[in-house]
Every structure is written in structure tokens, then in C-alpha cells.
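Have a look at the structure below before the remarks.
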Amino acid sequence: MSLETAHSKSALLEYRSDLLSKALLLRRCDLRDSWKEVIPENCLQSLGRLGWDVTAFLSEGEPASRAALPAGFTWLSCADDFWSNLQAIALAQKPHYETTAAPGRLAAAELREMAGPARCELLYTRYRCPLNIGAASEFDVAEEILRRLMVSDRAKIEKGADFDVEEVLLALNLLGVRALATRDLRSFDALNYFYELPRRSLVRMQAHPRLLAFWLCIYKQVLSTPDWLECALR
Amino acid sequence: MRVAVIAGSIAAGMRVAREVEGVPGVELFVAVCDPGKRTPPVRWLREFALLAKSRKEWTAARLWRYARGRRLAVLGEGLNQPSSAERLRALRCDVGLHAANVIYSERTIAAFRLGILNAHIGILPAYRGRSVAEWSVLQGDRTGVTVFFIDSGIDTGERIVLRECISPKGSRGIGELKKVLFESDARLYRRALEALMAPGFQFECNETAKGRRYYVMSEMFTRVANEVLANRMRSRPAASLRTAS
């Protein structure tokens, strides 16, 4: 590659990154101003003390807090349960974890064949430390979660048909964590896509206020992550 | 080589046929299905309306030639119904050309000796799935079209016949770029058939592990991709664009 070509490519990358940064800033402003349309006051109140923390986090101005995530791990084990760990990540706190050996492989086909509730249970158990969705060994499972969300669940929601609220929100949370951990642009864009759905399509999600609140908090952190294109293309 | 255009309307079939029928050694058929599952009156009204809109693509004499030569098959049932697959099989075609908005069953694919070619508007194996033109622009990769034999997966067919990079230069937005890419299908089918009939032709392998499946893109990212293209139009750094795409 000639020096001139390399320079042009880096200039184009810089330009695209600049455009993306502006788009992220606009979306962060939109989220800060309108997140209460997605999760209204009564939902927050049902979360008790957590509702206050979520309100404080989502209303916080720039620069937004982001969870400090480990890089290049094989598997992480956490003492706390799934909900405490997800909450720590969502509110940009550091979950307590230590590295450990990865469990046996979960085949994407196995996940695909399960019924909705069993699939959720399996995901809650396997990703008790949600950061593990970003482990290299979990690529196929993460791809299956993304596929299901962006193909069948998306189609159902857009048609106004019934959908499994818990499963969709769990997928959005896990994909948000994956986006934070691996800088996967497609997982990031799944969050964008669902955030952009007409608000009436998101009303049903209020049935799971905790997962809904965590999704928005994680989305805010994804939007605050810099250098997306540089990292995604590395 | 016996080839059938599988189209979602007579007009769409005639558009592809016009480009491909001149390839030496190709005997061409047009199989028309109705992906929308319309009632017969609605279906035929639509057919006539589309024909009227695309007068450049066909003449009554050409259409009559196909009909009289039994080279125009209008499928009454859904494309993947056993009866339709049987009609397609009866044409004894080597290759099908995808020009309908449908997903093919194994049975339909198997009705063609070599399979069904698809002109995918992204460069395989890197970009499978939806919105691949947008994703290619956003990530600064080459845009273009890949002609390959489909299987029942999403852009996972192993046999690639050709890939052509098509620069987004001149496109003011994603919509224009996609139109250019989609409209190159007939020309690239022609090239693919010529390649298939050339002595010593070898397929490229679609190594799916080297790529990613993409999904419909959000409005936010689509806007960014549009701005990238719009800026290329404004600044026109021609040399670097050629390299980047």
C-alpha cells in the first residue's frame, strides 16, 4: 500500500468516525431527554431504590459513566447472581469477578431448539456474569441471540404480533454487554434499531421494568463509547 | 445450457431475459411466480400494470415468442409448492436466475441441475444478509455484487461464480447506490453464465467463517452511511475513493 493510499484511507476512516461520533452525541441527547417515554414513572417506582439509581444514571449529563470492562478474558466467574451483576454493569459499577476456565461449549443449535422460557433460564444461568457473552467461545451463541432478535422478534414486533418481552429484553441487555465488551457494531445497532421503534411498540416492555431499565442504562454506555469504527475494524 | 429466470412478475422476468437471451449456448425460459399470494384478478391486474410501466424492457413480439415457444411458465401455486417445483423440474433447466422476492426451499433449488444463481448486493464472504451495502459504506469496505449459487441458508451457498466491486462514486445516497447494485443483476447474470460455460471455470469458495451476517440497519447508522456518500459527492477525492472501494 502506498503512503498516499494509506493516508487517504486513514483520512476517510477519520471522517466516518467523526460522523459517527456526532450521531452518537445526538442520540445520547435524545436518550437523556426522552428516556422517560420508554420507562415511565410508575415503572421506576416499582423498582424501589433501584429506580432512583436508574433515574440518576440516565439523567446524568456528559461525559457519561462507563463500566470498566476486562479485556481478552476466557471466562469470568462472579460470586453474585445474574441480577446483581447486570445491575453493576448497567450502572457502570465494577462487578466482582475473577478469571476462570470456560464451561463446556453451548451449541447455538441447542439454544435455537429450546422453548422461550427454557432459553431464558439457560441464558440467565450461563451468563450469571453477563460479561461472558463477550468471550470468544460465546461467538456462536451471541450470533444466535442477535439473529433471533433481529429476524423473528423484530418481525413480530413490527407486525404488532405477540412477542416474548422477557426474551427480547434479555437479548437487548446481553447484546449491549457484548457491544461494550467486543465493540461489535451489529450488536450495537440492534440496540439502536429497537430504540428507534415507535414508542407504542415498546409499551409492552414495561412488563419487565428491571430489564427495561438496565437495557437503557447499557445503551447509554454503548453510545458513550468512543472510537467505534477504529475498534470494530481492527 | 438451459436457464430459467425465476421472476416475481412477467415484467421482471423480461427485464432479466432481455440481457441474458443473447448469450451464445443459452436456451432461456421465464418462470413467473407470485410471492404476494394474490387472488388471480389482483395478480393479473398487477402484471398488466407492471408491464405497462416497463415498456422499454419488452415488446409484444418478444413476449409472444416466449409464450408460443412454451418458454414462459406462469406458476399458479406458490413457488415452493410441490406442483410448482414439479413444473420447474419439467423445464429441465441447468440454472435458475433469482429475480423474485422469495426464499427458496431445497425442493425448488433441486429442480435445477446446477442450482439457482443469486446476485447479492454485497461482497461475499464478508457481507451476508441484509443492508449489506449500507454496512459496507459505514465500515469503509468495497461495495459491489456477488453472483453465487444459493443454498437454504442466508447467503451461505458455497459456490461463488463472480464478484464485481461497484464503486459508490456518483451515488448521492444509499438509496441510489442500492438501485445501481440491484439493477446490475441482469448484466452480472449474463457474465456469470458466460463464465460457467467457459472451459476450465472454477468456483470461488464462499468461506462464511471469514464474514459476518448483517441485519437491517437502524436509521441512525443509515444516516451516517448516507452522509459518508454525500460527502464523497461533495469532495470527490477520486483517487482515494477508488482505492477505498
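Every number in this text was worked out from the coordinates using simple rules, so none of it is lab data. Note that the coordinates shown come from a computational prediction; the quantities given were computed from them, not determined experimentally. All Cβ positions, even for glycine, are placed from backbone atoms using ideal geometry, and neighbour counts span all protein chains on display.
A few comments on the model shown:
- For chain B, the longest principal axis of the C-alpha atoms and the axis of helix B:174-183 are separated by about 40°.
- Unit Cα scatterers, Debye sum, the protein assembly as shown: log10 I(q)/I(0) for q = 0.08 Å⁻¹: -0.58
- Helix B:219-235 and the longest principal axis of the Cα set of chain B meet at an angle near 70°.
- For the stretch A:1-134, the alpha carbon convex hull comes to 197 Å³ per residue, rounded to a whole number.
- When Rg and Dmax are taken over the Cα atoms of chain A, they come to 18.0, 60 Å.
- Residue by residue, the stretch B:153-164 carries 3J(HN,Hα) couplings of x, 8, 6, 10, x, 6, 9, 8, 8, 7, 10, 10 Hz when phi is fed to the Karplus relation 6.51 cos²θ - 1.76 cosθ + 1.60 (θ = phi - 60°); x denotes Gly or Pro.
- Inter-chain shielding of A:11-18 (mean C-beta neighbours from other protein chains, 10 Å cut-off): 4
- Within the protein assembly as shown, percent of DSSP bridges classed antiparallel, to nearest 5: 40 percent
- Net dipole in debye of the stretch B:2-160 [+1 Lys, Arg Cβ; -1 Asp, Glu Cβ; about Cα centre; nearest 20]: 700 debye
- Projected-area average for chain B over all orientations - Cα convex hull basis, square nanometres: 14.3 nm²
- Placing a pseudo-label 7 Å from each Cα along the Cα-to-Cβ vector at B:K179 and A:T225 gives an inter-label distance of 3.6 nm.
- Between A:D81 and B:R68, the modelled label-to-label distance comes to 7.9 nm, taking each label 7 Å out from Cα in the direction of the beta carbon.
- Modelled this way, with points 7 Å down the Cα-to-C-beta line, the labels at B:F203 and A:R49 are 6.2 nm from one another.
- Mean per-residue shielding of peptide B:220-226 is 6, counting Cβ atoms of other chains within 10 Å of each Cβ.
- Computed helical MRE - 222 nm, chain B, DSSP H runs ≥ 4 contributing -39500 (n - 2.57), nearest 500: -12000 deg cm²/dmol
- 10 Å Cβ neighbours from other chains, averaged over peptide B:138-145: 3
- Whole-Å distance, taken between Cα centres, linking the stretch B:185-216 and the stretch A:27-56: 49 Å
- Antiparallel %, DSSP beta bridges [both residues in chain B], to 5: 35 percent
- Contour minus Cα-Cα distance for A:F139 and A:E62 (0.36 nm per residue): 24.5 nm
- Fully extending the segment from A:Q93 to A:A11, taken as 0.36 nm per residue of separation minus the present Cα-Cα distance, adds 25.9 nm.
- Rounded to 0.05, the FRET efficiency of the B:R187 and A:Q206 pair, given R0 = 56 Å and the Cβ-Cβ distance, is 0.65.
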